[in-house]
Amino acid sequence: MITVEHLTKRYGPHAAVEEVSFRCEPGTVTGFLGPNGAGKSTTLRMICGLTPPTAGRATAAGRAYRELPNPGREIGVLLDASAQHSGRTGREALALAAATMGVDRAGIDAKLDLVGLNATAARRRVGAYSLGMRQRLGLALALLGDPRVLILDEPANGLDPEGIFWMRGLLRDFADRGGTVLLSSHLLREVEAVADRLVVIGAGRVVAQGGKDELLAGAGTLVRARDERALRLGLERAGLPATNGTDGGFVVRAEPETVGQAAADAGLVLTELRPAGAGGLEQLFLTLTAGASTREAVR
């Protein structure tokens, strides 16, 4: 389990993360989403003890990361696939980690096989690895101690479509066996395919969290009209701020009846009016983070 309580990180007057709270339960994959600069990586670094919080607390496996006597046996972490010694071979990187954690080196081959690195790749120096191979090695390192928790920041970067599909299955299997996964990724369709819960952050604050199906069901209303400019003005006059849809029209955080009435009051002819959940996670993400981006720009 991962518990984050009121995490805050300030750099001078600027709050990179502010009052962030959420929980990741065993047996689930939690997608941690937000635009660039929203505070995702800072939050993950605070959970892993790499960045001290200004306020708040985070625990994983019941204790703060720095309080764990052998953290690699409890929590598998992959925050930066490039942060590996380029002069070592893949096998040497795993052997050193195994010695540090007190893990039987006999398990190294099994982890290499699990992440799809064959004997030839294991003998190559990490400096000659592609980004996708480094991601696979990073996952092997994260899994080496047989942890109960995985914390992964953009683990699919550099993977081809087959590799992304493989990773999805790996994470799903880990959670289905009772593990806890916290996954940050900009690949929204892949997160939608594997995540059970979502935490969406914008401008350093949590703007939404909950079950994936629950959040997608409440994504708002998609509306289109012959005169798009007049529609936006009519919605604004009715106090219904709208964001641009991924495939045209506007998305409004209100019920279809409310949006339709606002359009009728403005004398507009609508060409489409329906729940926006059909747009999936991509549409939900844009809708939720648009307001946060606007608030940040005003500061």
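The values are calculated or read from the model by the stated rules, or taken from the named source; none is laboratory data. Remember, it's a predicted structure, so these values are computed and weren't measured experimentally. For neighbour counting, all protein chains shown are included, and Cβ atoms are generated from backbone atoms with ideal geometry for every residue, glycine included.
Remarks
- Subset of the range 222-245 (residues that are surrounded by 15 or more Cβ atoms within 10 Å (Cβ to Cβ) and assigned to a strand (DSSP E or B)): Leu222, Val223, Arg224, Ala225, Ala242, Thr243
- The lone exception for Ala55 - which of (1) in contact (Cβ under 8 Å) with a residue 12 or more places away in the chain; (2) out of contact with any Ser or Thr (no Cβ under 9 Å at 6 or more places or on another chain) it fails: (2)
- Note on the range 190-207: residues that are at positive phi and within 10 Å of the chain's Cα centre (by Cα) total 0.
- Scope the range 92-114; condition more than 16 Å from Gly72 (Cβ to Cβ) and either buried (at least 20 other Cβ atoms within 10 Å of the Cβ) or not assigned by TED's automatic domain parsing to the domain that holds Gly163 (or both); matching residues: Leu112
- Here the strands (runs of 3 or more DSSP E) wholly within the range 55-169 that include at least 3 residues being in contact with a helix residue (DSSP H, G or I) (Cβ under 7 Å, 6 or more places away or on another chain) are 75-78, 149-153.
- Taking every residue in the range 74-100 that is among the charged types (D, E, K, R) and pairing it with any residue that is crowded, with 16+ Cβ neighbours inside 10 Å and not in a loop (DSSP other than H, G, I, E, B), at least 6 positions away or on another chain, the pairs with Cβ-Cβ distances below 6 Å are Arg88/Val126; Arg91/Ala122.
- Boolean, Gly163 is under 16 Å from Ser184 (Cα atoms) and in the same structural domain as Leu79 (by TED's automatic domain parsing): no
- Every residue from the range 75-98 that is among the hydrophobic types (A, V, I, L, M, F, W, C) and under 27 Å from Ile2 (Cβ atoms): Ile75, Val77, Leu78, Leu79, Ala81, Ala83, Ala93, Leu94, Leu96, Ala97, Ala98
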